[in-house]
Amino acid sequence: KKSEIECLMRIFHNLVGRGDIKLANAGLDRNTFRVILHSIFGMTDDVLMNRVFFAFDKDSDNYINVKEWVKGLSVFLRGTFEEKLKFCFEVYYFNGDGYISRERIYDMLKNSLHQQSPGEETDE
């Protein structure tokens, strides 16, 4: 909806500290975006947060502009199953061969598990 897009744009401009200035080149850098992922979505895995940043940053300029912000969050908030599946693939896809290896998925899932105690093994 138009009102939802406008709300996402206001949030974006407040996050970049330019709530009253609508600059086309304003954007969120990787560190700011990681803080947002951690504080709002509870993400703690460094690799995963970086991969989500790169999935949002479609033009690969190391900043998330307002258009990338709105498109990325629209998948999170209102995306179809297929759109969310494509986004997840972009996050976990690394090597350019069109596949995500079993080892890669294992490593990413292992890193995302919360360990109850320092000595607990996550392999199980």
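The values are calculated or read from the model by the stated rules, or taken from the named source; none is laboratory data. All of these numbers come straight from a predicted model, not from anything done at the bench. Note that we place each Cβ from the backbone using ideal geometry, even for glycine, and neighbour counts take in every protein chain shown. Calculation scope for accessible area: heavy atoms of the full protein, side chains included, ligands and nucleic acids excluded. Shrake-Rupley method; radii C 1.70, N 1.55, O 1.52, S 1.80 Å.
Scoring Tyr92 on the criteria (1) in contact (Cβ under 8 Å) with a residue 24 or more places away in the chain; (2) closer than 19 Å to Ile11 by Cβ leaves a single failure, condition (2).
Report yes if Tyr99 is farther than 16 Å from Leu15 by Cβ and either open to solvent by less than 80 Å² (accessible area, probe 1.4 Å) or modelled with pLDDT of 85 or more (or both), otherwise no. Taking the combined requirement at face value, the residue does not satisfy it. Yes or no: region 51-65 includes at least one residue that is modelled with pLDDT under 90, within 27 Å of Lys1 (Cα to Cα), within 12 Å of the chain's Cα centre (by Cα) and of a type outside the set (S, T, N, Q). No, there is no match, as no residue in region 51-65 is modelled with pLDDT under 90, within 27 Å of Lys1 (Cα to Cα), within 12 Å of the chain's Cα centre (by Cα) and of a type outside the set (S, T, N, Q). Residues in region 41-53 that are buried (at least 16 other Cβ atoms within 10 Å of the Cβ) and more than 18 Å from Tyr106 (Cα to Cα): Phe53 alone. Within region 70-101, the set of residues being of a type in the set (Phe, Trp, Tyr) and in a helix (DSSP H, G or I) comprises Phe76, Phe81, Phe87, Phe89, Tyr92. Restrict the check to region 2-10 and report whether at least one residue is at pLDDT 90 or above and under 17 Å from the mean Cα position of the chain (by Cα). Yes. Annotation note: Cβ proximity below 9 Å between a residue of region 54-76 that is in contact (Cβ under 8 Å) with a residue 12 or more places away in the chain and at positive phi and a residue that is among the polar types (S, T, N, Q) and assigned to a helix (DSSP H, G or I) (sequence gap 6+ or interchain) occurs for no pair.
Of the residues examined, Phe76 is one that is more than 23 Å from Tyr106 (Cβ to Cβ) and modelled with pLDDT under 90.
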